[in-house]
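Encoded as structure tokens, the structure appears first; notes follow it.
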Amino acid sequence: MTDHSNTGHAPALLSIVVPLYNEQEVVNEFHRRVLLVMEDLPYEYEIIYVNDGSTDSSSKVIRKLPPGRCAVRLLDLSRNFGKEIAMTAGFDCARGDAVVVIDADLQDPPEVIPELLIQWQDGYDVVYAKRSSREGETRLKKATAKVFYRLIQRFAGRVRIPEDTGDFRLMSRRAVDALTQLREHHRFMKGLFAWVGFPQKAVLYRRDARFAGDTKWNYWKLWNFSIEGFTSFTTVPLRVATYIGLVVALVAFVFGLYIIGKALLLGDPVPGFPSLMAVITFIGGVQLLTTGVMGEYLGRTFNEVKRRPLYFVQEEVVIELQAEEQ
């Protein structure tokens, strides 16, 4: 396969983007393992930590990290903007010919990075790590994740969003440049990674349990995340609301004809209060449901037309090698 990203040459620079929020317990171990992995690879590299408004000591820990033979860069965002925006800030800042995005919690092993690089050198612009197993997660979370990925894939139309795949991946320079042109505020990054296209390939890996600390993704956040995904990449909810409205209108029309016919032919001395209330509440519920679906899309449109910046950087810190070490 033809190499689309660097015409067959080793990259001058590999950027490793690490979005994090309250990960002070794992940063040192994550950094140590990344340095061990990169030590044997023939690439210059930089590690970009994007601190997404952490309230613990994550920023202080990062500032004390040893740079190894690379530059360590810290982007301190002005507040918590969310992981999708933090990743975007890292992509905007990355200078590499290839960019790897990976979480700091060590559920995604840095030891997979060499395999991503091999596939990139073989010509793939996007090499995504696909989970063959998921350690340390409940059966409910695994089941809901499986259902979500299959539903979003079914309804995403022409955009093929890989199943059982997180954010851990490598992207070529041209794929990153394409991605950074997409500036919507409601960002479902897994969909955007797929939307930009270019040759893509999966690399299977075993996802580990968290090294330390607690997950930041409770079920409420995962629910909102799933809504973000569906409303970002499909209009199926609007279409379903339309179909429901048509069906309810048809049923109501037929029921109305039945009531009129019954009254004309048999009379109706006793009004049917229970059935009337059932019909009213049913139709009212459907109306509220469809209004809520339309409201979700309208709210996202409102946020987009304001055209606010995606994020602000409070401080950028670069930890360079000492002169005698270079």
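The values are calculated or read from the model by the stated rules, or taken from the named source; none is laboratory data. Note that the structure is a prediction, hence the values are computed from the model and not measured. Because the Cβ atoms are built from the backbone with ideal geometry, glycine has one as well, and the counts that use them run over all protein chains shown.
Figures for the structure shown
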{"quantity": "Members of the stretch 43-62 found to be farther than 26 Å from residue 175 by Cβ and either surrounded by fewer than 16 Cβ atoms within 10 Å (Cβ to Cβ) or of a type in the set (Val, Ile, Thr) (or both), listed by number", "calculated": "55, 56, 57, 60, 61, 62"}
{"quantity": "Filtered residues of the stretch 170-189 (kept if closer than 15 Å to residue 127 by Cβ and hydrophobic (A, V, I, L, M, F, W, C))", "calculated": "170, 171, 175, 176, 179"}
{"quantity": "Segments classed as strands (runs of 3 or more DSSP E), wholly inside the stretch 11-127, with at least 1 members that are polar (S, T, N, Q) and in contact (Cβ under 8 Å) with a residue 12 or more places away in the chain", "calculated": "14-20, 45-51"}
{"quantity": "Residue in the stretch 310-319 that is at pLDDT 70 or above, exposed (fewer than 10 other Cβ atoms within 10 Å of the Cβ) and in a loop (DSSP other than H, G, I, E, B) present", "calculated": "no"}
{"quantity": "Residue satisfying condition, being in contact with a strand residue (DSSP E or B) (Cβ under 9 Å, 6 or more places away or on another chain), at pLDDT 90 or above and over 25 Å from residue 195 (Cα atoms), within set 133, 78", "calculated": "78"}
{"quantity": "Subset of the stretch 63-81 [surrounded by fewer than 18 Cβ atoms within 10 Å (Cβ to Cβ) and farther than 11 Å from residue 46 by Cα]", "calculated": "63, 64, 66, 78, 79, 80"}
